[in-house]
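Q: Right, I'll just put the structure down here and ask away after.
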Amino acid sequence: MVILKKTGYIFDESFFWHDNGSGTLYLPAGGYLEPDVFVEAPSTKRRVNNLLNRCGLIKELETIEPRSATREEIEEVHLPSYVEYVKQLSDTTGGDAGDHAIVGRGSYEIALLSAGAAITAVDSVLTSKVKNAYSLSRPPGHHAEPEKGIGFCIFNNVAIAAKYAKKKYGLKRILVLDWDVHHGNGTEKVFYEDDEVLFISIHQHLSFPNNTGYATDTGKGKAEGFNVNIPLPAGTGDAGYLEAFQSIIEPITNEFKPELIIISAGQDPGMFDPLGRMNMTAAGFGAITNVMLELANIHCNGHIVFVHEGGYSNAYVPFCTLRIIEEMSGVKTDVEDPFTGSQTTDVVNIVQRQAIDEVIKIQSQYWRAFEGVMSK
Ligand code: ZN
């Protein structure tokens, strides 16, 4: 009897208990800033979990309990002094672990579990317990650098999971693809000189952090060409994203032939996000998920792991994330995108085309797949 494997779903209630305190958007309240809900809040993630339950898709998934990352696993990426600093803040008063990376009371243990959830996802896929896996990790990770937290990220979940996969399973070719609307500066920094991890970040040009994510930042030393930044202009929608996936990410991935794909899945390119200016719909997220699932099937027995990053629209993140998990699991629910049709996203305009061509031109120095493409 053939038992069809399910999609793994990894989360823990404590992810929703990491407390950024009150704020106004991403700033602490005070002065003329009236206190409001801090923008990186449990609600977006909790509502993803709620929608999975409400529509019944949860029953088709293999829910897996995460384990905590060990200190040793965290320190494969982060300086011991930084890890200790986070622990001290978490045990005492709480505070900022860098640049807008709030540590609340007890956040250290939750951050260990959030990184451990990404590791659990890697384990469950590479041991064939499930066919692929989605970790609803919180706090997010992709901005966190070895020596400090940045942009709501305390420990770099995806970088820690990739390091773990290298060490535990001896993998030599891991693709980390970051589609969060903001540049994956932390992950870039960790692997900038590592040719065993191909890092691709597709993001809104010069949104956050300031002054990173340029297409010309291509890696260093033996890893020249293993860092691929795809900065897109504000307003890019489904068509522009899909074009970038098909004309840049697909050919590079086909040449790299990854043994494992890890997605930094930030749903903040969604069209209603308060911290992004992109125009993606849930259907668009479904389409780019399909591109990556197909690449995983071609190159690595479908071994692909999704780790939640940003996404701040309470209303829309759940629908975008549901669409992703539907594609992963192959189970279509009766949930339709209630917001479809409110914006036009089906055009690749000239500015988006130029941005994509610029990346191809730069990357054609490193990837044979682009030979002759620009002269057409
Ligand atoms: Zn983001």
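The values are calculated or read from the model by the stated rules, or taken from the named source; none is laboratory data. Given the structure is predicted, the values throughout are model-derived calculations rather than measurements. Cβ placement follows ideal geometry from the backbone for every residue including glycine, while neighbour counts extend to all protein chains displayed. Heads up: the accessible areas ignore ligands, DNA and RNA and are worked out on the full protein's heavy atoms, side chains in. Shrake-Rupley method; radii C 1.70, N 1.55, O 1.52, S 1.80 Å.
Q: What residue among 74, 61, 22 has its Cα farthest toward the positive end of the dipole of the range 1-84, where the charges are +1 on Lys, Arg and -1 on Asp, Glu, each on the Cβ?
A: Result: 61, furthest along the dipole toward the positive end.
Q: Between residue 129 and residue 195, take the C-beta separation as r, use R0 = 41 Å, and let me know the FRET efficiency to the nearest 0.05.
A: Working: r = 30 Å, r/R0 = 0.72.
E between residue 129 and residue 195, to the nearest 0.05, is 0.90.
Q: Ranking request for peptides 149-161, 268-280, 328-340: highest mean number of other beta-carbon atoms within 10 Å first, then the rest in descending order. Walk me through the intermediate numbers first.
A: Values: 149-161: 29.5, 268-280: 23.2, 328-340: 14.7.
Highest mean packing first, the order is 149-161, 268-280, 328-340.
Q: Could you tell me the distance between the Cα centroids of the range 214-270 and the range 1-55, to the nearest Å?
A: So the separation of the two Cα centres works out to 26 Å.
Q: If you don't mind, there's one more thing I want to ask. Kirkwood Rh, the range 221-356, all Cα pairs: how many Å?
A: 15.6
Q: Separate question: Which value in deg cm²/dmol, rounded to the nearest 500, describes the helix-derived mean residue ellipticity at 222 nm for the chain, given -39,500 (n - 2.57) per DSSP H run of n ≥ 4 and division by the residue count? Write down the numbers at each step before the final one.
A: Working: 11 runs with 128 residues, N = 376.
Helix-only estimate at 222 nm: -10500 deg cm²/dmol.
Q: So who's got an amide H within less than 5 Å of the one on residue 8, skipping anything under 5 residues away but keeping other chains? H placed 1.01 Å off N, in plane.
A: 62, 131, 132, 133, 134
Q: Counting only DSSP beta bridges with both residues in the chain, tell me the antiparallel percent, nearest 5.
A: On the way: 8 of 43 bridges.
Within the chain, antiparallel bridges account for around 20 percent of the total.
Q: May I pose another question? Quick check for me: using +1 on Lys/Arg Cβ and -1 on Asp/Glu Cβ, what's the dipole size of the range 34-83 about its Cα centre, in debye to the nearest 20?
A: Details: 7 positive and 10 negative charges, 80 e Å.
Computed charge dipole of the range 34-83: roughly 380 debye.
Q: What residues have an amide H closer than 5 Å to that of residue 178, excluding those fewer than 5 places away on the same chain, when H is modeled at 1.01 Å from N in the peptide plane?
A: Sorted by chain and number, the residues that satisfy this are 200, 201, 202, 264.
Q: What residue among 350, 265, 314 has its Cα farthest toward the positive end of the dipole of the range 235-376, where the charges are +1 on Lys, Arg and -1 on Asp, Glu, each on the Cβ?
A: 350
Q: Accessible area per residue of the chain at 1.4 Å probe, in Å²? If you can, show how the numbers build up before the last one.
A: Details: 14880 Å² over 376 residues.
Normalised by residue count, the accessible surface of the chain is 40 Å².
Q: Pick out which of 68, 135, 81 has the largest mean-square fluctuation in a Gaussian network model of the chain, springs linking Cα atoms closer than 10 Å.
A: Maximum fluctuation in the GNM of the chain, among the listed residues, is at 81.
Q: Quick check: at a probe of 1.4 Å, how many percent of the accessible area of the chain sits on carbon and sulfur atoms?
A: Details: 7700 of 14880 Å².
Here it works out to 52 percent.
Q: What's the local net charge at residue 166, with K and R +1, D and E -1, over the other residues with C-beta under 13 Å away?
A: Working: positive: 163, 167, 168, 172, 173; negative: 73, 76, 194, 195, 196, 259.
In short, -1.
Q: Amide H to amide H under 5 Å from residue 236: which residues, 5+ apart in sequence or cross-chain, H placed 1.01 Å off N in plane?
A: For residue 236, the qualifying residues are 279.
Q: Also, I was wondering about something else. What size of dipole, in debye to the nearest 20, comes out for the chain about its Cα centre when the only charges are +1 on Lys and Arg C-beta atoms and -1 on Asp and Glu C-beta atoms?
A: Details: 32 positive and 48 negative charges, 156 e Å.
That gives the chain a dipole magnitude of about 740 debye.
Q: Let me ask something additional. Mind running the shape call on the range 20-79? Use the C-alpha gyration tensor, a ≥ b ≥ c as the square roots of the eigenvalues: rounded below 1.5 for a/c, prolate if a/b tops b/c, oblate otherwise.
A: Working: a/c = 4.87, a/b = 1.25, b/c = 3.89.
Cα axes put the range 20-79 in the oblate bin.
Q: Local charge sum around residue 332 (other residues, Cβ-Cβ under 11 Å, Lys/Arg +1, Asp/Glu -1)? List each step's numbers first, then the result.
A: Numbers: positive: 323; negative: 60, 326, 327, 334, 336.
After counting each charged neighbour, the total is -4.
Q: For the chain, which DSSP H helices look membrane-span-like by this rule: Cα extent along the axis of 27 Å or more and mean Kyte-Doolittle of at least 1.0? Walk me through the numbers before you get to the answer.
A: Numbers: long enough: 107-126 (28 Å, 1.30).
Result, helices passing both filters: 107-126.
Q: Assuming a ≥ b ≥ c are the square roots of the Cα gyration tensor eigenvalues, decide whether the chain counts as rounded (a/c under 1.5), prolate (otherwise, with a/b larger than b/c) or oblate. Don't jump to the answer; show the numbers that get you there.
A: Numbers: a/c = 1.21, a/b = 1.20, b/c = 1.01.
The shape class here is rounded.
Q: Here's something else I'd like to know. Report, in debye and to the nearest 20, how large the dipole of the range 117-184 comes out about its Cα centre when Lys and Arg carry +1 and Asp and Glu carry -1 on their Cβ.
A: Working: 10 positive and 5 negative charges, 85 e Å.
With Lys and Arg at +1 and Asp and Glu at -1, about 400 debye.
Q: Among 206, 41, 223, pick out the residue whose Cα is farthest towards the positive end of the charge dipole of the chain, where Lys and Arg carry +1 and Asp and Glu carry -1 on C-beta, about the Cα centre.
A: 223
Q: What residue among 29, 244, 165 has the largest mean-square fluctuation in a Gaussian network model of the chain, using Cα springs under 10 Å?
A: 29
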